[in-house]
Amino acid sequence: MKKKGVDFLLLLGSGLLVYCLIASLAWVGVIDEYYMQLLSVAGVYIIVALSLNLITGFTGQLALGHAGFMSIGAYTAAIFVMRASLPLLPSVLLGGLVSAVFGFAIGFPTLRLRGDYLAITTLGFGEIIRVVLNNLEGLTGGSAGLQGIPSFSDTGNYTLDAIIKFSWIFAFFVATVATISNLIRSSPGRVIVSVREDEIASTSMGNDVTRYKMIAFTVSAFFAGIGGGLFSALIGYLNPSDFNFLYSVNFVVIAVLGGLGSLTGTVLGGLVFTFAQEWLRVLGDFRLVVFGLLLILLMIFWQSGIMGNKELSITGLVRRIFRKGGRAQ
Amino acid sequence: MVFLQQLVNGISLGSVYSLIAIGYTMVYGIVKLINFAHGDILMIGAFCGYYAFLWAQGSASPVLAVAFAFLLAMAISALVGVIIEKTCYKPLRNAPRINALITAIGVSIVLENGARVIPFMGPNPRQVSIPEAFKGVFALGGLTISKVQVLTLATSLVLMVVLTAFVQLTRTGKAMRAVSHDMDAAQLMGISVNRIVSITFAIGAALGGAAGVLYAMNFPMINPYMGIMPGLKAFIAAVFGGIGSIPGAMIGGLVMGVAETLTKGFISSKLADAVAFGILIVILLVRPSGLLGKSAREKV
Amino acid sequence: MSIPILQAKEISVVFGGLRAVSDFNLTLMEGELVGLIGPNGAGKTTVFNLLTGVTPLSSGEIAIRSSKDGKAHSTKGMKAHQIARLGLGRTFQNIRLFKSLTVLDNLRISMDHLRRTTIADAILRTRRFSAEEEAFTARSVELLKIFELDDKKDLLARNLPYGEQRKLEIARALATDPKLLLLDEPAAGMNPQETKDLMRLIAFVRERFQLTILLIEHDMSLVMNLCERIAVLDYGQEIAMGTPAEISRNPAVIKAYLGEEEI
Ligand SMILES: Nc1ncnc2c1ncn2[C@@H]1O[C@H](COP(=O)(O)OP(=O)(O)OP(=O)(O)O)[C@@H](O)[C@H]1O
Ligand SMILES: [Mg+2]
């Protein structure tokens, strides 16, 4: 029990440390607004990719429509903020909830099936959502999109605004990591992982695997929706065509790049992906060609990604340092 | 009458989907990979057709021009298909399925965006110049059927008959069915699995290339991204028919085509794409193994 | 001792055209150790899959007495996990461990159906949650001790040597807290000494947990020594059933086995 308390404090401490470091660097101007925005976007991508990793990396069910869940969260949050003047926090949470409801509805018929069916249905679902958003003109603005979504803060001080935006996203990021990691490291979480390992063995041990797939998928849709809600406030406008198939693929790429089944891997993967995508812009029209080639090479030569299914453990790291220190004395 | 007209249009469009769906189903049947790049093979075939028609313009006989277009498209598509298989998919045959799938998506991204930056393809839509002799329509009672539609139906029919004969009657065809049934067992029986996989990709891609020419003749504006939607719909067609089943893919393609034209004609053209995916979800609910598919059960 | 814990009546399954199991009957009395033997491909594993609900029956009926309410339940319409929860544990011939999870987690996964806390407890790390986790861990370690695997509890299952993977399969099945245990060739691939040790272990857990066991095994001398009754399967059909002495004298059995040797 005591050891767990220490672990928790260490995690909390290191999270706070990272946050304070970035916020103060932004405050003194070492990290400019552009990079703060980029970090915030990376934060949103990481939240969505973490949600994808839960269903694909930990549960072993490939989902190819997370842009769809993200767009549901984004539009729900934006519509509640703009049309019902609801504050941002409950709107974002509502975005997550509505997305979770859709997740449940999609997962219910398809998760019984084995194989690639979830991949296909989620892909189809993402496309349907896009068509529907395009056609619900009264609510979503149709193909023209939704503009002027209020941001997290509007103090007039750009530096302060950037820090506040980042703070929101960082807070949600921490909450997402904590929730998913606590879920995974628990009895139901272990069953979820056992579905990836061997579905038949898991059923034979008395586990209702369909139910656990449903839980993982619904939770996954919830956080993808949360990511979408944050995205709408971060970017300020939404357009259905942005949430296309390729956009869903981005999250798969982040999760695979970081390592399927590794939460810390997804965090690293999200950072690398967001910055790489930004830097690849110098390639102009060749950007996506290079992106595609990198993807293929990555899959062939580096299948486990940055972290494999291991976690980068801060507490482990700290312990190792202390132990080494101890020995040196 | 309007209904019959839409039905004719649907069958014509559907036969193109069938050709593409066959490629998906054959590849899935053998290597269990959703070959996302297959839709882009259609795009390559369409560009081949575009250039074949340009070169043949005015000079040769129209029939020869069309034949040339098909040959060029099928040959180049088959070549591209085999190159992709050898370089990108083969190293991953024993890797987790998700890796192969993401690779296929990568290949698709490379093909689409590669086409954008290649000068003689480029990002802008191009108008296909169909030989004059193939323009115009036949009128049958109240129905109109275009010459291109007739060509589409005839070509698809011939290709499907040839393919069926090949798969059912030749040694290679039998080997293909054996590999699709059980790759390890086929290997033990002395079948060269690598060769069969390559042949499967070549045939699938060649049919996709031919479909590209037909698609470009039916909808004569072509661009690098043109393969995505027909590719997805053909994939749904393959699932509908029962993935792995060639006759299933043929039927599935026709159903998708008819469903699409009927939706466009009687409900809303905007919703046609959503209907395609709606159909997919309904099939998975009602009969996940598809029309002619066998439900595969894992041996324990 | 004389209450049936499992009754299978005329169970059959057809794969394509192949009748892999055909009108098979089996009654297991509480506390018995029964052997299921037969040549390769006779349908023994398929019988296990039918009993556990992994493969749906084509026809026939199975009733299992639940370890919870002591009543016999027909397994018709039940999913495999529901059947397992009646108190039926099994191992797999071709080891199906959760390979990239630890030895400890392999066992704890079998206990989730006993969980009383909710997912919210897990996410919020409540006191109830921690208490239950500790209880699961303690029970798992206790089981691992029996199989001498407790000092390897943090290793990944895939890193265990082959013989220990087989033992872990049995431990994992026991972690579900079964009354009826189906073992599919638990000694396959083991040397004679390992096999002997394993059989002693099986006898031990049978006593300790008061199990009824159905055992598939190819090693005849072993089956003859260990089992109280033996069912013999050939081409999906039961060709004999009786005590080891009766079975060893049965002409149909001798023919089935000799026929195999001639091939
Ligand atoms: N899921 C399945 N689909 C089709 N056929 C199957 C399936 N499972 C088993 N079979 C067939 O049923 C027959 C019986 O197989 P089973 O595995 O039950 O034999 P077994 O007695 O366990 O043999 P062994 O001693 O080799 O383990 C075999 O011919 C096998 O190929
Ligand atoms: Mg067996």
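The values are calculated or read from the model by the stated rules, or taken from the named source; none is laboratory data. Please read all numbers here as calculations on a predicted model, not as lab measurements. As a convention, Cβ positions derive from the backbone with ideal geometry for all residues, glycine included, and neighbour counts pool all protein chains shown. The area values use the complete protein model at the heavy-atom level, side chains included, leaving out ligands, DNA and RNA. Shrake-Rupley method; radii C 1.70, N 1.55, O 1.52, S 1.80 Å.
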- Long-range amide H contacts for C:His73: which residues qualify at under 5 Å (H placed 1.01 Å from N, peptide plane, sequence gap of 5 or more or a different chain)? C:Ile64, C:Arg65, C:Ser66
- Item | Gap separating the Cα centres of the stretch B:1-74 and the stretch C:140-208, nearest whole Å | 59
- Query: For the peptides A:172-181, A:90-99, what is the packing order when you average, over each peptide's residues, the other Cβ atoms within 10 Å and list the highest mean first?
  - Reply: A:90-99, A:172-181
- Please give every one of the lysines within straight-line cross-link reach of B:Lys147, meaning a C-alpha to C-alpha distance under 20 Å, and leave out same-chain neighbours fewer than 8 residues apart. B:Lys135
- Tell me what the protein assembly as shown gives for mean residue ellipticity at 222 nm when only DSSP H runs of n ≥ 4 count, each as -39,500 (n - 2.57), the sum divided by the residue total, rounded to 500 deg cm²/dmol. -20500 deg cm²/dmol
- Near the amide H of C:Val21, under 5 Å away, which other amide H atoms are found, from residues 5 or more places off or on another chain, if H is placed in the peptide plane? C:Val13
- Query: Taking amide hydrogens as modeled 1.01 Å from N in the peptide plane, which residues meet the under 5 Å criterion relative to A:Ile31, leaving out close sequence neighbours?
  - Reply: A:Ala26
- Task: Give me the aspartates and glutamates in straight-line cross-link reach of B:Lys90: C-alpha distance below 20 Å, same-chain residues under 8 apart excluded.
- Result: A:Asp116, B:Asp40, B:Asp182, B:Asp184
- Query: Roughly what % antiparallel, to the nearest 5, for the DSSP beta bridges in chain C?
  - Reply: 60
- Message: I'd like to compare B:30-40, B:138-148: which one has the highest average count of other Cβ atoms within 10 Å, and what's the full order after that?
- Response: B:30-40, B:138-148
- Task: Measure off, as a whole percent, the carbon and sulfur share of the 1.4 Å-probe accessible area of chain C, all protein chains present.
- Result: 52
- Item | Highest-MSF residue in chain B out of B:Gly290, B:Gly212, B:Gly173 [GNM, Cα springs under 10 Å] | B:Gly173
- Message: I'd like the interface area for chains A and B: accessible area of each alone minus the complex, both sides summed, 1.4 Å probe, protein heavy atoms only. What is it in Å² to the nearest 100?
- Response: 3400
- Could you compute the FRET efficiency for A:Thr159 and A:Phe108, with r as their C-beta to C-beta distance and R0 at 60 Å, rounded to 0.05? 0.80
- Taking chain B as the region of interest, what is the percent of Cα-Cα pairs per 20 angstrom bin, listed from the shortest bin to the one with the maximum distance? 34, 58, 8, 0
- Query: Taking the Cα centre of each part, how many Å lie between the stretch A:255-272 and the stretch A:82-102?
  - Reply: 27
- Cβ-Cβ FRET estimate between A:Leu297 and A:Val132, R0 fixed at 41 Å, reported to 0.05: 0.65
- Task: Sketch the reach of a paramagnetic label on B:Val158 as a point 7 Å from Cα along Cα-to-Cβ, and name the residues of the stretch B:198-219 whose backbone nitrogen lies under 14 Å away.
- Result: B:210-211, B:214
- Message: Quick check: net charge around C:Leu107, other residues with Cβ under 9 Å of its Cβ, Lys/Arg +1 and Asp/Glu -1?
- Response: +3
- Pairs over 29 Å Cα to Cα, from A:Lys213/B:Lys294; C:Lys68/C:Lys196; B:Lys294/C:Lys76; A:Lys310/B:Lys294; C:Lys76/C:Lys255; C:Lys44/C:Lys145, come to C:Lys68/C:Lys196; A:Lys310/B:Lys294; C:Lys76/C:Lys255; C:Lys44/C:Lys145
- Note on the structure: Computed over chain A, protein heavy atoms only, probe 1.4 angstrom, the accessible area per residue in square angstrom equals 41
- For labels at A:Leu25 and B:Thr144 in the simple 7 Å Cα→Cβ model, what's the distance in nm? 6.6
- Query: Under the definition of partner shielding as Cβ atoms of other protein chains within 10 Å of a residue Cβ, what is the mean value for peptide A:282-289?
  - Reply: 4
- Gyration tensor (alpha-carbon) shape descriptor, the stretch C:117-263, a/c threshold 1.5: prolate
- Query: If you count, for each residue, the other Cβ atoms within 10 Å and average over each peptide, how do B:217-228, B:155-166, A:55-66, B:181-192 line up from highest to lowest?
  - Reply: A:55-66, B:217-228, B:155-166, B:181-192
- Query: Taking a label point 7 Å from the Cα of B:Met189 along the Cα→Cβ vector, which residues of the stretch B:26-57 have an amide N closer than 17 Å to it?
  - Reply: B:29-31
- Measure out, as a whole number of angstrom, how far apart the alpha-carbon centroids of the stretch C:214-259 and the stretch B:139-185 sit. 53
- Item | Residue-span extension gain [C:Ile3 to C:Asp154] - 0.36 nm each, minus C-alpha spacing | 50.3 nm
- Task: For C:Lys99, go through the aspartates and glutamates and keep the ones whose alpha-carbon is under 14 Å away, minus same-chain ones fewer than eight residues off.
- Result: A:Glu197, A:Asp198, A:Glu199, C:Asp154, C:Glu164, C:Glu169
- In peptide B:112-121, how many Cβ atoms from other protein chains are near each Cβ within 10 Å, on average? 3
- Once you average over the residues of B:273-279, how many Cβ atoms of partner chains fall within 10 Å of each Cβ? 5
